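The values are calculated or read from the model by the stated rules, or taken from the named source; none is laboratory data. It should be emphasised that the depicted structure is a prediction, and the values quoted were computed from it without experimental measurement. Neighbour counts run over all protein chains shown; Cβ positions are idealised from the backbone, glycine included.
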Amino acid sequence: MVGLRRTKNGRFSLRDAVSLRRLQEAFVNGDWYRFLIPAAEALGDWYTVELTLDQVDQVRHGHRVPAVEDVPTDTIARAVSEEGELVALVEYDPEAHEWQPRKVFFQ
């Protein structure tokens, strides 16, 4: 074997990639933002915790929210609003059967 080449990472493949040349042109033209992938989509293969409007407020203030189902210990999940917005990365606490916010995002 001479070398390895990564052709896929998660759900992203080389077909999804943007060439450096196209990206540089987009920066020059000021429309580079069209290549950004929303964070909730980029983490689309992660376990998802769907939050109610009240839970979004609780999580944004660092409060735990109850887990609806049992998941493996130390599971890190993306917590999303009803609109699909990434609210936080949360960690499952099996003893409390709750999700603990680890990283909270504001828009």
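A compact table of results
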item	result
Residues of segment 36-77 satisfying the condition of being part of a loop (DSSP other than H, G, I, E, B), at negative phi and without any contact (Cβ under 8 Å) to a residue 24 or more places away in the chain	LEU36, ILE37, HIS61, VAL68, GLU69, PRO72, THR73
Condition check for ALA42: modelled with pLDDT of 95 or more and among the small types (Gly, Ala, Ser)	no
Residue in segment 78-104 that is surrounded by the fewest Cβ atoms within 10 Å (Cβ to Cβ), counting only those that are part of a loop (DSSP other than H, G, I, E, B) and out of contact with any Lys or Arg (no Cβ under 9 Å at 6 or more places or on another chain)	GLU95
Hey, GLU50 touching a strand residue (DSSP E or B) at 6+ places or on another chain (Cβ under 8 Å) and among the acidic types (Asp, Glu) or not	yes
Cross-chain or 6+ apart pairs with Cβ under 6 Å, segment 81-107 first and modelled with pLDDT under 95, then in a loop (DSSP other than H, G, I, E, B) and not hydrophobic (A, V, I, L, M, F, W, C)	PRO94/THR73
Residues of segment 42-70 satisfying the condition of being of a type in the set (A, V, I, L, M, F, W, C) and within 28 Å of SER13 (Cβ to Cβ)	ALA42, LEU43, TRP46, VAL49
Boolean, LEU53 is of a type in the set (A, V, I, L, M), in the same structural domain as GLN100 (by TED's automatic domain parsing) and within 18 Å of the chain's Cα centre (by Cα)	no
Residue list for segment 30-52, restricted to those being among the aliphatic types (A, V, I, L, M) and loosely packed, with under 10 Cβ neighbours inside 10 Å	LEU36
Residue pairs meeting the criteria (Cβ under 7 Å; at least 6 apart or on separate chains; first loosely packed, with under 11 Cβ neighbours inside 10 Å, in segment 1-29; second assigned to a helix (DSSP H, G or I))	THR7/LEU14
